[in-house]
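This report refers to the structure that appears directly beneath it.
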Amino acid sequence: MQLALSGFLLAALAFVVGVLLIQSRRVRRQAEELMALHQAALAISQGLELETILEKVVSEACRLLDARFGALSVVEGEGRIVAFVTAGISPDVSAAMGPPPVGKGLLGVPLLEGERLRLADLSRHPRSAGFPAGHPKMRSLLAVPVLAEKPHRGNLYLCEKASGAAFTAQDEETLVRFAAQAALMIDNSYLHQRLSSLAVEEERMHLAREIHDGVAQVLAYVNTKAQAAEQYLEAGRPEETRTQLAQLSAAAREVYSDVREGILGLRTGLGEERSLAEALEDYARDWAERTGIELAVEIEPIVGLPGHVELQVLRVVQEALANVRKHAAARWARLRLQLDGSVLVAAVEDQGQGFDPGALGRSEFPRFGLATMRERAQSVGGSFQVDSSPGEGTLVRVEIPLRRSA
């Protein structure tokens, strides 16, 4: 009886130990998978190119699932290849194989039809069409679709476990999670490109409007004065002719200054190694030297601003300073950039002649830029305010809630 009981206890203990070992292997596998996914996700935060990020996904999937070869293909539209990355295949071998596959054969099942494949011998599949010259020999295959948003679609596939074993159902589920990570990266890259394109197009529209409302109208004014001077000259009225020529000359000098200021503004760019504060300080220094107006600068370095917010703030400040030069008749001005809680505040103030914003209309030589500055501020979720009165100077102020803009 005691022997039977001891045998039962030993069997039970062995069973428990076996279950614990299985659970331990499962937990270890899950931990390894999470770490591999984490390593792939880190590539996103490092700001790498899409193909470099996808290479990380494929290499981590191969390492975790013990595959000798791996590849990820991304196409758009009618099959144009956007990205094709591999792991386990040298550049020389890849070049010898010719162009990457476009999904016409076996690999079209996950790429075009969205189905998974797990094959012990891919040559037995009816869609298998062989390999190009120089292709490494491959037998087992695990392929899953990469379910990115339109217009992209893709597939992620591994071949040949190093141990010689077949891919398992658990391997398949793991690869699906890697494919989901890749889809997220592809979508993020596409959205980033779209946002960049939209930002460029928006800036072109702003610049076109500024040219139309500024330089184009001044040139029209110049043309009008030239015609008037010609008519007065033909009528033998020299005094009126001189008056028109003087006004024409003043307008020509003004448009020349506007064009130079515009070129300087466009050259004052932003980038990964050039912050908004640095760009504003450089522009302010050049502006003060060019105009002879004393400019006090109070700029607080602010990190982490979205690029489109920085660009619009820079352009508003440039336009506000241009108005100081053209209209304020000021000897002193001040530029401020600061963070008030979660609100970015940019302000340009002068102690010039001021004006009545409520009574501002078209004059013989009109004022430009207020509507454009307001549109730029509103395009990033901000507000635009002008405080001025005759003889009291002018304050232009932009406030942008950063959480909303982000």
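Contact map, the stretch 122-145: residues that are on the phi > 0 side of the Ramachandran plot paired with residues that are at pLDDT below 75 and loosely packed, with under 14 Cβ neighbours inside 10 Å, Cβ distance under 7 Å, separation 6+ or inter-chain. Pairs shown: 134/96.
Among the residues of the stretch 282-304, none qualifies, meaning not one is under 17 Å from residue 384 (Cα atoms), touching a residue at least 12 places away in the same chain (Cβ under 8 Å) and surrounded by 19 or more Cβ atoms within 10 Å (Cβ to Cβ). Taking the conditions (1) modelled with pLDDT of 85 or more; (2) over 25 Å from residue 398 (Cβ atoms); (3) among the acidic types (Asp, Glu) in turn, residue 282 satisfies each one other than (2). Looking at the stretch 102-115, can you tell me whether even one residue there is touching an Asp or Glu at 6+ places or on another chain (Cβ under 9 Å) and touching a residue at least 60 places away in the same chain (Cβ under 8 Å)? No; the residues of the stretch 102-115 include none that is touching an Asp or Glu at 6+ places or on another chain (Cβ under 9 Å) and touching a residue at least 60 places away in the same chain (Cβ under 8 Å).
Count, please, the residues in the stretch 147-173 that happen to be among the acidic types (Asp, Glu) and in a helix (DSSP H, G or I).
Going through the stretch 147-173 one residue at a time, the tally reaches 3.
Tell me, which residue of the stretch 168-183 that is within 31 Å of the chain's Cα centre (by Cα) and free of Cβ contacts under 8 Å to residues at least 40 places away in the same chain is nearest to residue 118 (Cα to Cα)?
179
Per the conditions (1) at pLDDT 85 or above; (2) among the basic types (Lys, Arg); (3) crowded, with 16+ Cβ neighbours inside 10 Å, the sole criterion not satisfied by residue 326 is (1). Here residue 90 passes the criteria (1) buried (at least 19 other Cβ atoms within 10 Å of the Cβ); (2) among the small types (Gly, Ala, Ser); (3) without any contact (Cβ under 8 Å) to a residue 24 or more places away in the chain except the one numbered (1). State yes or no: is residue 321 at pLDDT 90 or above, of a type outside the set (Val, Ile, Thr) and assigned to a helix (DSSP H, G or I)? So residue 321 fits the description; yes. Given the structure, is residue 344 in contact (Cβ under 8 Å) with a residue 40 or more places away in the chain, over 24 Å from residue 291 (Cβ atoms) and either touching a Cys at 6+ places or on another chain (Cβ under 6 Å) or not in a helix (DSSP H, G or I) (or both)? Against the criterion (in contact (Cβ under 8 Å) with a residue 40 or more places away in the chain, over 24 Å from residue 291 (Cβ atoms) and either touching a Cys at 6+ places or on another chain (Cβ under 6 Å) or not in a helix (DSSP H, G or I) (or both)), residue 344 qualifies. Only one entry of 376, 367, 403 meets the criterion of being of a type outside the set (A, V, I, L, M) and at pLDDT 85 or above, and that entry is 376. All of 139, 177, 204, 194 fail the test of being out of contact with any Cys (no Cβ under 9 Å at 6 or more places or on another chain), modelled with pLDDT of 80 or more and not polar (S, T, N, Q), apart from 177. Scanning the stretch 55-101 for residues that are more than 27 Å from the chain's Cα centre (by Cα), at pLDDT below 85 and in a loop (DSSP other than H, G, I, E, B) gives 89, 90, 98, 99, 100, 101. Only one of the numbered conditions (1) surrounded by fewer than 16 Cβ atoms within 10 Å (Cβ to Cβ); (2) at pLDDT 90 or above; (3) hydrophobic (A, V, I, L, M, F, W, C) is not met by residue 360, and that is (2).
The values are calculated or read from the model by the stated rules, or taken from the named source; none is laboratory data. Just so it is clear, the structure is predicted and the values come from calculations on it, not from any experiment. Quick reminder, even Gly has a Cβ in these numbers, built from the backbone with ideal geometry, and neighbours come from all protein chains shown.
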